[in-house]
1. Has segment 108-131 got any residue that is assigned to a strand (DSSP E or B), in contact with a helix residue (DSSP H, G or I) (Cβ under 9 Å, 6 or more places away or on another chain) and β-branched (Val, Ile, Thr)?
2. Would you be able to tell me the number of residues in segment 47-84 that are away from the ligand (no atom under 12 Å from the Cβ), touching a residue at least 24 places away in the same chain (Cβ under 8 Å) and touching a helix residue (DSSP H, G or I) at 6+ places or on another chain (Cβ under 8 Å)?
3. Is it the case that segment 4-13 has a residue that's in contact (Cβ under 8 Å) with a residue 60 or more places away in the chain, in contact with a Ser or Thr (Cβ under 6 Å, 6 or more places away or on another chain) and crowded, with 20+ Cβ neighbours inside 10 Å?
4. Please specify each residue of segment 85-116 satisfying the condition of being more than 16 Å from the ligand (Cβ to nearest atom) and under 23 Å from GLY16 (Cβ atoms).
5. Could you grab the pairs with beta carbons closer than 6 Å, sequence gap of 6+ or different chains, first residue in segment 15-28 and closer than 27 Å to LEU40 by Cα, second one acidic (Asp, Glu) and surrounded by 17 or more Cβ atoms within 10 Å (Cβ to Cβ)?
6. Quick check on GLN189: is it at pLDDT below 95, over 19 Å from LEU47 (Cα atoms) and out of contact with any Gly (no Cβ under 9 Å at 6 or more places or on another chain)?
7. Kindly provide the set of residues from segment 14-45 that are farther than 18 Å from ILE141 by Cα, surrounded by fewer than 24 Cβ atoms within 10 Å (Cβ to Cβ) and either near the ligand (Cβ under 10 Å from one of its atoms) or of a type in the set (Ser, Thr, Tyr) (or both), ordered by number.
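The values are calculated or read from the model by the stated rules, or taken from the named source; none is laboratory data. These numbers come from a predicted model, not from an experiment. Here the Cβ positions follow ideal geometry from the backbone for every residue, glycine too, while neighbour counts run over all protein chains shown.
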Amino acid sequence: DTSLPLHGQSVLVTAGGTRERLDPVRYLTNNSSGKMGYALATAARKLGAKVTLISAPTALPQPAGVAYVAVDSAATMRTALLARYADAQMVIMAAAVADFRSPTVAANKIKKTATDYQLTLTKNPDILAELGQQKHHQFLIGFAAETQNLLTYAQQKLTSKHADMIVANDVSSPQVGFDHDTNAVTILQSNQAPQQLPLASKEVIAQQILQVALATRKLQA
Ligand code: PMT
């Protein structure tokens, strides 16, 4: 349907919490269920986009009508994004990407020790910041999950990562963020007043995020 606002456009969506391996049976991860990213993938498809969902492991069924790329660690998510970035019109980073990983992955199960076990972590690349640095035509949407100073930290992410939009969720608020079926967010964009989207299903929040993004892109064009 050529009348749809994202007709024929390539949209990349990331979802889920990355897994950073420690050994063959253990990894570091977070509480992301993938629900927000999957809802965004479905909403973008309904607006006519060619959607690629780059997903860390989740318990969710693959959404219909979208290309699906399974990843696990931040490193594999980064590779999948960079390979598709040049051809994308819009990128939505809803995944909860680990900031740290273990510098080595043990080949065998780490054995219990008699004393405490020290874990040293290495910094992961900031994928959103990297995409922001390489941005040309893409409309780049990041998220910010915060438990304090929501708008201050989200504003810093908007600027430092060169995103076109940051979707900020206060994940300490009831029914908001990780694993819930609902979310409430504030959308930050440069040169625009923050826009609050009150508590609603992740499906509704996803549609609203895309409406705001499309309205901004129209202004920029
Ligand atoms: O999956 P759900 O259970 O539905 O929960 C949804 C959600 C809470 C995971 C989602 O709404 C959300 O906020 N996603 C971003 C979580 C996150 O990692 O936030 P952050 O503030 O740590 O990161 C900021 C942005 O940078 C994010 O777009 C993130 O994808 C990106 N990032 C972070 C770290 C990193 N090394 N590389 C990145 O690209």
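1. no
2. The total comes to 7.
3. Within segment 4-13 (the criterion being in contact (Cβ under 8 Å) with a residue 60 or more places away in the chain, in contact with a Ser or Thr (Cβ under 6 Å, 6 or more places away or on another chain) and crowded, with 20+ Cβ neighbours inside 10 Å), the answer is yes, since at least one residue qualifies.
4. Once the filter is applied, which keeps residues that are more than 16 Å from the ligand (Cβ to nearest atom) and under 23 Å from GLY16 (Cβ atoms), segment 85-116 yields ASP87, GLN89, VAL105.
5. ARG19/ASP72; TYR27/GLU20; LEU28/GLU20
6. no
7. Within segment 14-45, TYR27, THR29, ASN30, ASN31, SER33 meet the criteria.
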